[in-house]
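What follows draws every value from the coordinates through simple rules; no lab data is involved. Note that the structure is predicted; figures quoted are calculated from it, not measured. Cβ coordinates were reconstructed from backbone atoms using ideal geometry, including for glycine residues, and neighbour counts include every protein chain displayed.
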């Protein structure tokens, strides 16, 4: 058996309702929304729990989730949270400091309900000020929803955690963003409820929808334009990576495999019952199979044995090969090492499909 996964735990995430947004940055892409029934959720959970390998061994513990894009998007979100706990192994139904910003802005009682759950912080994403944030969300009012959600979180005793994705579109708005933080008094108000306000700067991962907005990725000469005062209050400072040409100096001779990893072993199930590992974007070269047409045995074994094109390449292809094939030694675009590898893997996957190897 592969050492990739020891079957001690598996997260199973079902996209029961979908997402209100079609964000341009989203590494998960834009999949079809649906309305999968609670009975279907229970049936899927049973299939995974009852699965056994060739030696009769099953998966030890599960976490079953009714979402993998927008949490609590369905009207019966409270019942679904209870169902997740009933279906999951003890303590494995988790929230990850994520809530529905869409629902926070529309249902006053939601924040108070969320305050009864373990996380005492909630992440909110910005892409500059109003026009740019709405543009990325592809939904007018998204920026205002973020502000309303912030107020309701604070009223419920939950600390908002803001993340700013900086791109060429919003690079000149970082001072204004800093003033917004000050005007709302986020540091002081989080302290008043016994929490801590955190803000950090990130960049868009170049996979899923994010690959399509690579033209607005920051370049080396953009970095001095970011407000240094904003950087000084950010949780991780300006830790967003290096120019591609600098990263390539070592990657061109790196014989190690790509070896992209996730924080926990999990699968994403779409409204059409296609299944993907959470290692990377839900794209054709990462598809494990379909629960309805292939069955749970095919899906789990494909995951366990890393038998799909994306996983095979991930564990076998040397980084230097991807670097020679897709790297740009003249590029000044800013990447973390992991994001650059993600971009190259996406480019490899697109070529793989074009060559008809699927």
For 233, 308, which order do you get if you count the other beta carbons within 10 Å of each Cβ and list the fewest first?
233, 308
Gyration tensor (alpha-carbon) shape descriptor, the range 213-254, a/c threshold 1.5
prolate
Once you have the alpha carbon radius of gyration of the range 95-240, what is it after dividing by 2.2 N^0.38 Å, with N set to its residue count?
1.04
Restricting the count to DSSP beta bridges whose residues both fall in the chain, what percent are antiparallel, rounded to a multiple of 5?
30
Return the whole-Å distance between the Cα centroid of the range 62-78 and the Cα centroid of the range 129-205.
24
If neighbour count is taken as other Cβ atoms inside 10 Å, put 341, 180 in order from fewest to most.
180, 341
Here the Kirkwood hydrodynamic radius of the chain, Cα-based and in Å, equals 21.8
Global form of the range 171-279, assessed from the alpha-carbon gyration tensor, a/c cut-off 1.5
oblate
Taking alpha-carbon centroids only, the range 229-285 lies from the range 1-58 a number of Å equal to 20
Quick one: order 166, 350, 275 by neighbouring beta-carbon count within 10 Å, fewest to most.
350, 275, 166
Take the Cα radius of gyration of the range 225-358 and divide it by 2.2 N^0.38 Å, with N its residue count; two decimals is plenty.
1.24
Connecting every pair of Cα atoms under 10 Å apart in the chain and solving the GNM, the largest mean-square fluctuation among 160, 224, 282 falls on 224
Report Rg(Cα)/(2.2 N^0.38 Å) for the range 4-53, keeping two decimals.
1.48
Here, residue 75 and residue 54, labelled 7 Å along Cα→Cβ, have an inter-label distance in nm of 5.0
Subtracting the Cα-Cα distance from 0.36 nm times the residue separation, let me have the gained length for residue 117 to residue 46 in nm, one decimal.
23.0 nm
